[in-house]
Amino acid sequence: MASKNKITFNTSNFLFLILLVFTMYVLKPLVVPLLFSIMLCILVFPVVKFLEYKLRFNKALSALTAIIVMIISVFILFSYIGFQLSDIVSKSSFYAYKLEQIYNNYASDIESSFNFKINDLTKNSINIGKTLKDNFSNIMQFIGASGSILGDLVLIPIYMFFFLFYRSFFQSFLLKVFSNDNKNTSVKMIIQKLYKVQKSYLSGLFTVMGIVGVLNSIGLLILGIENAFFYGFLASLLLLIPYIGIIIGSLIPAVIALVTKDSAWYAVGVIALFGFIQFLEGNFITPKITGSKVSINALVAIVSIIAFSMLWGTSGMILALPIVASLKILFDNIAGLEPYGFILGEPDEEHVTLEARIRLKKWKEIRRKKLGV
């Protein structure tokens, strides 16, 4: 009977998950800006607390001030990025001409070295400059469609203001929904854990972005790439898109190196540099800074990024890890859902280590105790 109830419970959870995914897909224009607003509220909340408790601002003024500071900072950042990208676009004809020269030179080298005749029609019909110009509008349209957050620049600050201003009101609502009184410690504990995991993720992310930006810039300076600091920190900014962002960020300086340097090895060096920094970031920098506060195993992280990208595009890729980290907190603290929290988390040592090594480790510990070491 118990096993039958468990099967029914798991089936209900599966059907609820399907309904939830469908609802989230349909309500994307509403849900995505709300989720970004919550994340940004967590980001600026320390500023709000400082204004309220240190400078004695009221809730409305502190929330409004923090949001205005954030908007000004984002505007300055994107204005600088736009200025630099416009400089790249202004040189696009030169870059396209150089790329065509490089292509034709390599085609000629292949013909002479391997006695392999490349079809003249194929060789001469590829006009890189024309291809870039013809597809530029399509590329910009794709970026605009994927980054739907850019279309919600008005709504997100409004949502943020009300989330910050009504935060106590929303907390009381959650306590009323999930408990019989406003003093339910378990619900308050879950809310605190959700806040801490998101705060840890965001603070760790921006710290990692700073470190990776410095490493990228130093490497590009050593290679002699122009605008090294811009390209280095642009690639680190794209860490907002996990795993894929830094790869995208490496393509622009690689192309710049290809057309401005006298050897293609500089472009190869840029790719190798960013790949090595990506390895350091994924295996040493992020685990050291973030630690076990956002404990999601690598497989779940990759699958969640793919799934949320299918659901919400680029915005989904950015939101995937914080959402899954929050789900793990909820699953770990809700009776009956603990197995789902278990599968999302990092495996214990016993699950990834050979049994012989585990027995050897236990034997060494027993031996140390006997020897009094």
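The values are calculated or read from the model by the stated rules, or taken from the named source; none is laboratory data. Quick caveat, the model's predicted, so the values are computed rather than measured. Every residue, glycine as well, gets a Cβ built from its backbone with ideal geometry; the counts of neighbours run over all protein chains shown. For the accessible areas, the whole protein counts, side chains as well, though only heavy atoms, and no ligand, DNA or RNA atoms are used. Shrake-Rupley method; radii C 1.70, N 1.55, O 1.52, S 1.80 Å.
Selection of region 178-210 for residues being aliphatic (A, V, I, L, M), open to solvent by less than 80 Å² (accessible area, probe 1.4 Å) and out of contact with any Asp or Glu (no Cβ under 8 Å at 6 or more places or on another chain) yields Val187, Ile190, Ile191, Leu194, Val197, Leu202, Leu205, Met209. Could you look through region 302-338, keep only residues that are within 15 Å of Ile191 (Cα to Cα) and open to solvent by 40 Å² or more (accessible area, probe 1.4 Å), and pick out the one that is modelled with the lowest pLDDT? Step by step, filter region 302-338, then rank; the result is Ile334.
Listed residues Ile158, Ile143; which is modelled with pLDDT of 90 or more, in contact with a helix residue (DSSP H, G or I) (Cβ under 9 Å, 6 or more places away or on another chain) and either within 30 Å of Ile68 (Cβ to Cβ) or open to solvent by less than 80 Å² (accessible area, probe 1.4 Å) (or both)? So that I can check it myself, show each step before the final result.
On the way: Ile143 fails: modelled with pLDDT of 90 or more.
Sole residue among the options that is modelled with pLDDT of 90 or more, in contact with a helix residue (DSSP H, G or I) (Cβ under 9 Å, 6 or more places away or on another chain) and either within 30 Å of Ile68 (Cβ to Cβ) or open to solvent by less than 80 Å² (accessible area, probe 1.4 Å) (or both): Ile158.
Kindly evaluate Val21 against the criterion of being open to solvent by less than 60 Å² (accessible area, probe 1.4 Å) and at pLDDT below 95. Give the steps one after another, and end with the answer.
Values: open to solvent by less than 60 Å² (accessible area, probe 1.4 Å): no; at pLDDT below 95: yes.
Judged against the criteria, Val21 is not a match.
Set side by side, the residues Ser137, Ser93, Ser125 differ, and just one is at pLDDT below 90, surrounded by fewer than 10 Cβ atoms within 10 Å (Cβ to Cβ), farther than 28 Å from Thr314 by Cα and not hydrophobic (A, V, I, L, M, F, W, C), which is Ser125.
Per-residue answers, yes or no, for (1) free of Cβ contacts under 8 Å to residues at least 60 places away in the same chain; (2) over 27 Å from the mean Cα position of the chain (by Cα):
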| position | (1), (2) |
| --- | --- |
| Tyr166 | yes, yes |
| Met189 | no, no |
| Tyr195 | no, no |
| Phe206 | yes, no |
| Val214 | yes, no |
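Is it the case that region 285-294 has a residue that's closer than 30 Å to Asn333 by Cβ, surrounded by fewer than 20 Cβ atoms within 10 Å (Cβ to Cβ) and charged (D, E, K, R)? Yes.
Condition check ((1) of a type in the set (Ser, Thr, Tyr); (2) over 26 Å from Tyr106 (Cβ atoms); (3) touching a residue at least 40 places away in the same chain (Cβ under 8 Å)) across all residues:
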site: Ala228; (1), (2), (3): no, yes, no
site: Ser236; (1), (2), (3): yes, yes, no
site: Ser250; (1), (2), (3): yes, no, no
site: Ala257; (1), (2), (3): no, no, no
site: Asp262; (1), (2), (3): no, no, no
site: Val270; (1), (2), (3): no, no, yes
site: Phe279; (1), (2), (3): no, yes, no
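I need a count of the residues in region 35-46 that are within 20 Å of the chain's Cα centre (by Cα) and either modelled with pLDDT under 90 or more than 19 Å from Met310 (Cα to Cα) (or both). Give the steps one after another, and end with the answer.
We begin by selecting, within region 35-46, every residue within 20 Å of the chain's Cα centre (by Cα); these are 35-44.
Among the residues that remain, those that are also either modelled with pLDDT under 90 or more than 19 Å from Met310 (Cα to Cα) (or both) are: 37-44.
Final tally of qualifying residues: 8.
Is it the case, given these coordinates, that Ser73 is more than 30 Å from Phe161 (Cβ to Cβ) and free of Cβ contacts under 8 Å to residues at least 40 places away in the same chain? Taking the combined requirement at face value, the residue does not satisfy it.
Within region 213-250, which residues are hydrophobic (A, V, I, L, M, F, W, C), more than 27 Å from Ala301 (Cβ to Cβ) and outside any helix (DSSP H, G or I)?
Quick first cut of region 213-250, residues hydrophobic (A, V, I, L, M, F, W, C) only: 214-215, 218, 220-223, 225, 228-230, 233-235, 237-241, 244, 246-248.
Then drop every residue that is not more than 27 Å from Ala301 (Cβ to Cβ), which leaves 218, 220-223, 225, 228-230.
The one that is hydrophobic (A, V, I, L, M, F, W, C), more than 27 Å from Ala301 (Cβ to Cβ) and outside any helix (DSSP H, G or I): Ile225.
Taking the numbered list (1) touching a helix residue (DSSP H, G or I) at 6+ places or on another chain (Cβ under 8 Å); (2) surrounded by fewer than 15 Cβ atoms within 10 Å (Cβ to Cβ) in turn, Asp262 passes all entries but (1). Comparison of Ser236, Ser263, Ser292 shows that the only residue that is out of contact with any Lys or Arg (no Cβ under 9 Å at 6 or more places or on another chain), among the hydroxyl-bearing types (Ser, Thr, Tyr) and at pLDDT 85 or above is Ser236.
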